[in-house]
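Taking it in order: structure first as structure tokens, then the write-up.
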Amino acid sequence: MKLRYLAAVGVAATLALTACGSGGSNQSGKSPSSGAQGTAPLTIAKPDGPIAPENNNPWVGTAPAATLGYINAIYEPLAIVNLVDPSAKVQDWLASDVSWSSDYKSVTLTARGGVTWSDGKPFTAADIAFTFDFLKQHPELDANALGIVSATSSGNKATITFQDSMYTKQDKVLMEHIVPQHVWSKVSNPDKYTNPTPVGTGPYTLSHFSSQGVQLKARSDYWGGTPAVPTLNYVSYNDNTALTTALADGDADWAQAVLPNVQTAFVDKNPSTNHYWPAADLGDDVLYVNTTKAPFDNVAFRKALNDVIDRTQYAKIARWNSQPPLTSVTGLPSPAGDAFVSAALKGQDYQVDAAAAKKTLTAAGYSYQGSTLIDPSGQPVTFTISDPEGWSDYVTGISLIAKAAQSIGAKVNVTTPDADTWTTDIANGNFQASEHWTDTGATPFNIFDDIMDGSWLKPIGQTASYNFGRYKNPQASAALKQYANATSDAQRTAAMATIQKIFVDDVPAMPVGMRPSVGEFDSADYVGWPSASNPYANPDPTQPSAIEILMHLKPAK
């Protein structure tokens, strides 16, 4: 059975990626292109300090090719899933047709014709099959844990099969970078390979690499047409302050960073050309709490703390008014998550209510000695909340949460360890409360899965990839599994409603803010950037969708 891209109702309304075919705004099969090339280069910047030694391996997440984002102009995905507008149709790219089986355990991909690698050799379905088989043979490269069973090709079609349903990982499958078989089949240790001369199907090739910056040049034979920008320069500034200055001075054109006071420090310097867009996607910043230790082993205290966290204040102070606050009690960001909110919880928003919080506590056996909250065992309620030193938004955020907890009588110690220590401690369960992010995707699955799924559970002292709070609820795990493996929209809607009810009732963690995909743009030389009014792509230049933006730009008149 083949599934077609359709606009559905309710939860399914945002699942345009659930089907296959030629969807997307580009029905002609050609990628968006200006057809005319400008003369100015485009400088793409990060605030990450010195550039690491050259490594152009598309599967090494710490390589400068990935951290700076230039890998996305060299290698291309099969299709682009719009994570900031899940209702949008999937944009075909290297695959001209995508057909999922009804159980999402296999996908058939039609290789686009007329595409060549940058060394002149033709791109074929065999390259698609090779890429996924390569990931199967080298699971250390498969960061998305796709569980590939087989990858074969015949003519212009490649078929990939998986151990489990890929319904919740369709974006991960379709936005995998495809590599040339004739190059990578000769690589014996791919996790160590630095790929000094990357060969891709993308519109740019690597022309220069140094510790000061990376330069890419536009191809003249790109299958999608002439890129508007002839030269891409990728640079890294020492910190947010230096990057903000570069943006304001016109030395950087496209950046991805959460910048303090971005409106006054950048946008207001030249409102006609300086733009900032924090695009809400289906990911959150969350207060993870250790549910195996007091005080967070008691759901009454979790509920009470959730009732006094001020998400509006968090957005205003911790995020400098750079993004709207979370409102839905489900923790789903708006507008990306609106269509996923269950009917039972639609319209129910977070409210700051200290009186209700104290009522919840006293009903559960808590009491007060003066202003000090005493737990049912007779002990004062205390806990430590931590995030890395230097992470100004998170540190400000946990300081606000600490004050909120103090308003209901808890004693809170705020600590700021170094990032390495914090990373180890939260993964090993050696913490009480800490702000951390969830993964994102084309559905809300990752938000809830990262917090509640028992498949992530590890004993205290062992490293967990998610479910840092060691939350154990078989009903939640079962509902998450049902959602991931459902074969109909009705089944998914029912499973998502169960997931959200458990999340709201049991408060395994507390979403505190959106985790938007951020982009800063300068439109003096090129126009056509994504925006809230035209959310055609994730604005982050380090994501695979950056290729769509590059091919959407036009020289400014």
(1) crowded, with 20+ Cβ neighbours inside 10 Å; (2) in a loop (DSSP other than H, G, I, E, B) all hold for Ala532 apart from (1)
- Flag for Ile447 being among the aliphatic types (A, V, I, L, M) and buried (at least 16 other Cβ atoms within 10 Å of the Cβ): yes
**OP:** Scan the range 354-368 and give yes if some residue there is more than 26 Å from Pro444 (Cα to Cα), polar (S, T, N, Q) and in a loop (DSSP other than H, G, I, E, B), otherwise no.
**Re:** no
Considering the range 500-524, residues that are surrounded by 19 or more Cβ atoms within 10 Å (Cβ to Cβ) and farther than 30 Å from Phe431 by Cα, and then whichever is farthest from the chain's Cα centre (by Cα), we arrive at Asp522
TODO: Say whether the condition of being surrounded by fewer than 17 Cβ atoms within 10 Å (Cβ to Cβ), assigned by TED's automatic domain parsing to the domain that holds Phe340 and touching a Phe, Trp or Tyr at 6+ places or on another chain (Cβ under 7 Å) is met by at least one residue in the range 455-465.
DONE: yes
Of the candidates Thr205, Thr197, Thr201, the one satisfying the condition of being under 21 Å from Thr124 (Cα atoms), modelled with pLDDT of 95 or more and in a strand (DSSP E or B) is Thr205
Only unsatisfied item for Asp449, checking (1) touching a residue at least 60 places away in the same chain (Cβ under 8 Å); (2) over 25 Å from Ala279 (Cα atoms); (3) of a type in the set (Asp, Glu), is (2)
Checked pairs for the range 106-119, first assigned to a strand (DSSP E or B), second among the β-branched types (Val, Ile, Thr) and surrounded by fewer than 16 Cβ atoms within 10 Å (Cβ to Cβ), C-beta under 9 Å and 6 or more apart or across chains, list as Ser106/Val149
Residues of the range 103-143 being under 20 Å from Pro58 (Cα atoms), of a type in the set (Asp, Glu) and surrounded by fewer than 16 Cβ atoms within 10 Å (Cβ to Cβ), in sequence order, are Asp119, Glu140
Report yes if some residue within the range 154-167 is in contact with an Asp or Glu (Cβ under 8 Å, 6 or more places away or on another chain) and either of a type in the set (Val, Ile, Thr) or free of Cβ contacts under 8 Å to residues at least 60 places away in the same chain (or both); otherwise report no.
no
By residue number, the members of the range 39-58 that are part of a loop (DSSP other than H, G, I, E, B) and modelled with pLDDT under 95 are Pro47, Asp48, Gly49, Pro50, Ile51, Ala52, Pro53
Among Asn261, Asn238, the single one that is surrounded by fewer than 16 Cβ atoms within 10 Å (Cβ to Cβ) and in contact with a Gly (Cβ under 6 Å, 6 or more places away or on another chain) is Asn238
Reported set for the range 144-158 where residues are out of contact with any Phe, Trp or Tyr (no Cβ under 7 Å at 6 or more places or on another chain) and either surrounded by 14 or more Cβ atoms within 10 Å (Cβ to Cβ) or part of a loop (DSSP other than H, G, I, E, B) (or both) is Asn144, Ala145, Thr152, Ser153, Gly155, Asn156, Lys157, Ala158
Here the residues within the range 159-172 that are in a helix (DSSP H, G or I) and either more than 25 Å from the chain's Cα centre (by Cα) or surrounded by 20 or more Cβ atoms within 10 Å (Cβ to Cβ) (or both) are Tyr167, Thr168, Lys169, Gln170, Asp171
Within the range 408-429, the residues that are over 28 Å from the mean Cα position of the chain (by Cα) and surrounded by 15 or more Cβ atoms within 10 Å (Cβ to Cβ) are Ile408, Gly409, Ala410, Val412
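The values are calculated or read from the model by the stated rules, or taken from the named source; none is laboratory data. As the structure is a prediction and not an experimental result, all values here were calculated from the model. Here the Cβ is made from the backbone with ideal geometry for all residues, glycine too, and neighbour counts use every protein chain on show.
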